[in-house]
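First up is the structure itself, then whatever we jot down about it.
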Amino acid sequence: MYYEIDLDKIDTNAEPPTEEPARQYYFMAKCREWVREFEQTHGRVPTACVTTFGCQMNARDSEKLRGILKEMGYKEEVEDRADFVIYNTCTVRENANTRVYGRLGQLKPRKKKYPHMMIGLCGCMMQEPEVVEKLKQSYRFVDIIFGTHNIYKFAELVATRFVSERMVIDIWKGTDKIVENLPNERKYEFKSGVNIMFGCNNFCSYCIVPYVRGQERSRAPEAIIKEIERLAADGVSEVMLLGQNVNSYGKTLDTPMTFAGLLKEIEKIEGIRRIRFMTSHPKDLSDELIEVMRDSKKICKHLHLPVQSGSTKILARMNRRYTKERYLNLVEKIRGAVPDISLTTDIIVGFPGETEEDFEETLDIVRKVRYDSAFTFIYSKRTGTPAAAMEDQIPEEVVKNRFDRLLKEVQTIAAKSCAVHEGTVQEVLVENICDHDPEMVTGRLSNNLLVHFQGESGLIGKYVDVKLKECRGFYYIGQLSV
Ligand code: SAH
Ligand code: SF4
Ligand code: F3S
């Protein structure tokens, strides 16, 4: 067990163990020796920064990297001053890639000035062969490149870099392995993401995720429960279960289990007060799950249910495997079971072949469902996906115009939907000091909305009742209720 491992007791002169995670602890111990040497020569400990791009899955992976860095002896530092900068990248849309290249360009002169500096790149973008080729050609100053499947090997790769003068590249095409019990440095003391599955088998025609995250693998329920029990014992009261399609959890296990079944088990864990999950694919959302949500005291009243488009024709071309009508029926069923649930979504505008009529269908579904919030995206062509090869790609100005119209609709409706709670008293988990006012704190409602109210740092991590005085679009201004 990770908590019982003492790195200083590991014999780093012996051969590295072959089994995991023991092998990685051996390399963490090796890196720790290097860190101590650095400390002696420089009179300070080396520092590191992990910058995350992309989704919650990546954010969770970054916590694992930070945990490993901490074991090695690195201290956290802001990116501008860190001796070791790691970018955990995303490639879901083209602009995610562009940002990484831009940031790398800015790191180059720093690396030239401070040759001891290290740069690591990992995450989804690295799973694309043309990206790695480009880095090898034009970004020779990068030290370590690895992908999404071997993130657990981070310590070994860093150790390899310490003894080699060359760029270390290790990318796997896929894996069926899940390595448990590695270190982890949580961002919040009171809440945590928990992976329940990795990869995706859905192959929505626009999406690159199945190619860069590999095939769907579920973690064993025992491992998930044990992790959450340990988190609870450590003071965590809110968990966010993570997977690209949590509704298909457990299908590939030796003893299959449903997502609803897993939720029931998690519900029993003492100390956990709030359970969240993302993302739900509408095609796999079962009646059993709706019942569990209805009967649960802990599952939050929020469902992120990406619709992507309101046009059944476009949904078919997207390979989403539901129709507009089925989606609307599902929404009705959920609202029937959990009346005050907050619904949020993802929408893509400008998918190949989208006509004005198709787009009107999207506006229509937004008006019918009345989402509490929606992430809207301009379709981005991803090389290698079926949609990239489709004819009738939509001209930029048409897409831009539709995007603006959609955004306006979404925002107007969301502001009204959110305001329905105005005047009520709700339980809030206080998360942090308010970004804009040090006299205030920010908390989250069960339905995922934020509320800012007068309070001090001692409230962080606590559950308090707050009166929602005024809705300001996507958040509330409230007052502690006594
Ligand atoms: N697994 C999740 C989504 C992961 S990606 C799900 O299926 O719901 C997050 C969002 O990015 C998607 O819901 C989609 O709206 C958007 N997205 C994915 N690929 C895209 C692309 N090529 N262009 C634009 N948006 C995209
Ligand atoms: Fe991408 Fe679809 Fe998988 Fe979500 S379900 S990650 S959109 S392929
Ligand atoms: Fe991006 Fe990878 Fe997540 S492509 S959205 S970081 S799974």
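Just to be sure I understand the filter: pairs with C-beta atoms under 9 Å, separated by 6 or more residues or on different chains, first member in the stretch 35-58 and assigned to a strand (DSSP E or B), second member more than 16 Å from ligand 1 (Cβ to nearest atom) and of a type in the set (S, T, N, Q). Which pairs pass?
Listed by first residue and then by second, the contacts come to 50/62; 51/62; 52/62.
Please give the number of the condition residue 286 fails out of (1) crowded, with 19+ Cβ neighbours inside 10 Å; (2) within 23 Å of residue 200 (Cβ to Cβ); (3) more than 14 Å from ligand 2 (Cβ to nearest atom).
Answer for residue 286: the failing condition is (1).
Does residue 294 satisfy being surrounded by fewer than 21 Cβ atoms within 10 Å (Cβ to Cβ), within 22 Å of residue 57 (Cβ to Cβ) and among the basic types (Lys, Arg)? Explain how you work it out, then say what you get.
On the way: surrounded by fewer than 21 Cβ atoms within 10 Å (Cβ to Cβ): yes; within 22 Å of residue 57 (Cβ to Cβ): no; among the basic types (Lys, Arg): yes.
No.
Tell me which residues, restricted to the stretch 367-388, are away from ligand 2 (no atom under 16 Å from the Cβ) and either open to solvent by 70 Å² or more (accessible area, probe 1.4 Å) or part of a loop (DSSP other than H, G, I, E, B) (or both).
367, 368, 370, 371, 372
Scan 303, 315 and give me the residue that is within 16 Å of ligand 2 (Cβ to nearest atom), of a type outside the set (S, T, N, Q), buried (at least 20 other Cβ atoms within 10 Å of the Cβ) and in a helix (DSSP H, G or I).
Values: 303 fails: in a helix (DSSP H, G or I).
On inspection, the qualifying residue turns out to be 315.
Which one is farthest from the chain's Cα centre (by Cα), of the residues in the stretch 334-366 that are part of a loop (DSSP other than H, G, I, E, B) and under 13 Å from residue 398 (Cα atoms)?
Step one: of the stretch 334-366, the residues part of a loop (DSSP other than H, G, I, E, B) are 338-341, 350-355.
With the extra rule that they be under 13 Å from residue 398 (Cα atoms), the set shrinks to 350-355.
On the way: 350: 25, 351: 24, 352: 27, 353: 30, 354: 29, 355: 32 Å.
Across the stretch 334-366, the extreme among qualifying residues is 355.
Sort out which residues of the stretch 91-130 are aliphatic (A, V, I, L, M) and more than 16 Å from ligand 1 (Cβ to nearest atom), and write them in order of number.
Our first condition is that a residue be aliphatic (A, V, I, L, M); within the stretch 91-130, this holds for 92, 96, 100, 104, 107, 117-119, 121, 125-126.
Matches in the stretch 91-130: 100, 104, 107, 117, 118, 119, 121, 126.
Only one of these is at pLDDT below 95 and either touching a helix residue (DSSP H, G or I) at 6+ places or on another chain (Cβ under 9 Å) or open to solvent by less than 50 Å² (accessible area, probe 1.4 Å) (or both): 434, 418. Name it. Give the derivation first.
On the way: 434 fails: at pLDDT below 95.
It is 418.
Give the stretch 107-128 a look and list any residue that's open to solvent by 20 Å² or more (accessible area, probe 1.4 Å) and either in contact (Cβ under 8 Å) with a residue 24 or more places away in the chain or of a type in the set (A, V, I, L, M) (or both), or say none. Talk me through it step by step, then tell me what you get.
First pass over the stretch 107-128, keeping only residues open to solvent by 20 Å² or more (accessible area, probe 1.4 Å): 108-116, 127.
Across the stretch 107-128, the qualifying residues are 108, 111, 112, 114, 116, 127.
Give the residue that is farthest from ligand 3 (Cβ to nearest atom), with candidates limited to residues of the stretch 221-231 that are open to solvent by 20 Å² or more (accessible area, probe 1.4 Å) and among the hydrophobic types (A, V, I, L, M, F, W, C).
Of everything passing the filter in the stretch 221-231, 225 is farthest from ligand 3 (Cβ to nearest atom).
Output the residue which, of all residues in the stretch 284-320 that are touching a residue at least 60 places away in the same chain (Cβ under 8 Å) and out of contact with any strand residue (DSSP E or B) (no Cβ under 7 Å at 6 or more places or on another chain), is farthest from residue 351 (Cα to Cα). Don't jump to the end; show me each part of the working.
Keep residues of the stretch 284-320 that are touching a residue at least 60 places away in the same chain (Cβ under 8 Å), which gives 300-302, 307-308, 317-320.
In the following step, the residues that additionally are out of contact with any strand residue (DSSP E or B) (no Cβ under 7 Å at 6 or more places or on another chain) were identified as 317, 319.
Details: 317: 9, 319: 12 Å.
The selected residue is 319.
Answer yes if at least one residue in the stretch 193-205 is away from ligand 1 (no atom under 16 Å from the Cβ), modelled with pLDDT of 95 or more and in contact with a strand residue (DSSP E or B) (Cβ under 8 Å, 6 or more places away or on another chain), and no otherwise. Show your work before the answer.
Looking only at the stretch 193-205, we keep the residues that are away from ligand 1 (no atom under 16 Å from the Cβ), and these are 194.
From what's left, modelled with pLDDT of 95 or more: 194.
Next cut, in contact with a strand residue (DSSP E or B) (Cβ under 8 Å, 6 or more places away or on another chain) only: 194.
Checked the stretch 193-205: at least one residue is away from ligand 1 (no atom under 16 Å from the Cβ), modelled with pLDDT of 95 or more and in contact with a strand residue (DSSP E or B) (Cβ under 8 Å, 6 or more places away or on another chain).
Every residue in the stretch 389-435 that is assigned to a loop (DSSP other than H, G, I, E, B) and within 27 Å of the chain's Cα centre (by Cα), please. Lay out the reasoning, then the answer.
Within the stretch 389-435, the subset assigned to a loop (DSSP other than H, G, I, E, B) is 390-395, 422-424, 434-435.
Once the filter is applied, which keeps residues that are assigned to a loop (DSSP other than H, G, I, E, B) and within 27 Å of the chain's Cα centre (by Cα), the stretch 389-435 yields 434, 435.
Residue check: is residue 273 open to solvent by 30 Å² or more (accessible area, probe 1.4 Å) and either within 16 Å of ligand 3 (Cβ to nearest atom) or among the basic types (Lys, Arg) (or both)? Before the answer, list the steps.
Details: open to solvent by 30 Å² or more (accessible area, probe 1.4 Å): yes; either within 16 Å of ligand 3 (Cβ to nearest atom) or among the basic types (Lys, Arg) (or both): yes.
Judged against the criteria, residue 273 is a match.
Filter the stretch 13-34 down to the residues that are charged (D, E, K, R), within 14 Å of residue 152 (Cβ to Cβ) and free of Cβ contacts under 8 Å to residues at least 40 places away in the same chain and list them by number.
Looking only at the stretch 13-34, we keep the residues that are charged (D, E, K, R), and these are 15, 19-20, 23, 30, 32-33.
The next check asks that each one be within 14 Å of residue 152 (Cβ to Cβ); those that pass are 19-20, 23.
Across the stretch 13-34, the qualifying residue is only 19.
Can you name the residue in the stretch 165-220 that is open to solvent by less than 30 Å² (accessible area, probe 1.4 Å) and among the small types (Gly, Ala, Ser) and is also farthest from ligand 2 (Cβ to nearest atom) among such residues?
For the stretch 165-220, the residue satisfying everything is 192.
Out of everything in the stretch 190-210 that is part of a loop (DSSP other than H, G, I, E, B) and of a type in the set (S, T, N, Q), what residue ends up being farthest from ligand 3 (Cβ to nearest atom)?
Looking only at the stretch 190-210, we keep the residues that are part of a loop (DSSP other than H, G, I, E, B), and these are 190, 196, 199-208.
In the following step, the residues that additionally are of a type in the set (S, T, N, Q) were identified as 201-202, 205.
Values: 201: 14, 202: 13, 205: 16 Å.
Looking at the filtered set, the residue picked out is 205.
Any idea how many residues of the stretch 8-59 are open to solvent by 80 Å² or more (accessible area, probe 1.4 Å) and of a type in the set (Val, Ile, Thr)?
Of the residues in the stretch 8-59, 2 are open to solvent by 80 Å² or more (accessible area, probe 1.4 Å) and of a type in the set (Val, Ile, Thr).
Whether any residue in the stretch 265-275 is part of a loop (DSSP other than H, G, I, E, B), of a type in the set (Asp, Glu) and either more than 15 Å from ligand 1 (Cβ to nearest atom) or without any contact (Cβ under 8 Å) to a residue 40 or more places away in the chain (or both) is what I want to check. First the steps, then the outcome.
At the first step, the residues of the stretch 265-275 found to be part of a loop (DSSP other than H, G, I, E, B) are 268-273.
Then drop every residue that is not of a type in the set (Asp, Glu), which leaves 270.
Next, from what is left, pick out any that are either more than 15 Å from ligand 1 (Cβ to nearest atom) or without any contact (Cβ under 8 Å) to a residue 40 or more places away in the chain (or both): 270.
There is at least one residue in the stretch 265-275 that is part of a loop (DSSP other than H, G, I, E, B), of a type in the set (Asp, Glu) and either more than 15 Å from ligand 1 (Cβ to nearest atom) or without any contact (Cβ under 8 Å) to a residue 40 or more places away in the chain (or both).
The values are calculated or read from the model by the stated rules, or taken from the named source; none is laboratory data. Fair warning: this is a prediction, and the values are worked out from it, not measured in the lab. Note: ideal-geometry Cβ built from the backbone for every residue, glycine included; neighbour counts use all protein chains shown. Remember, those area values only see protein heavy atoms, side chains included, never the ligands or the DNA or RNA. Shrake-Rupley method; radii C 1.70, N 1.55, O 1.52, S 1.80 Å.
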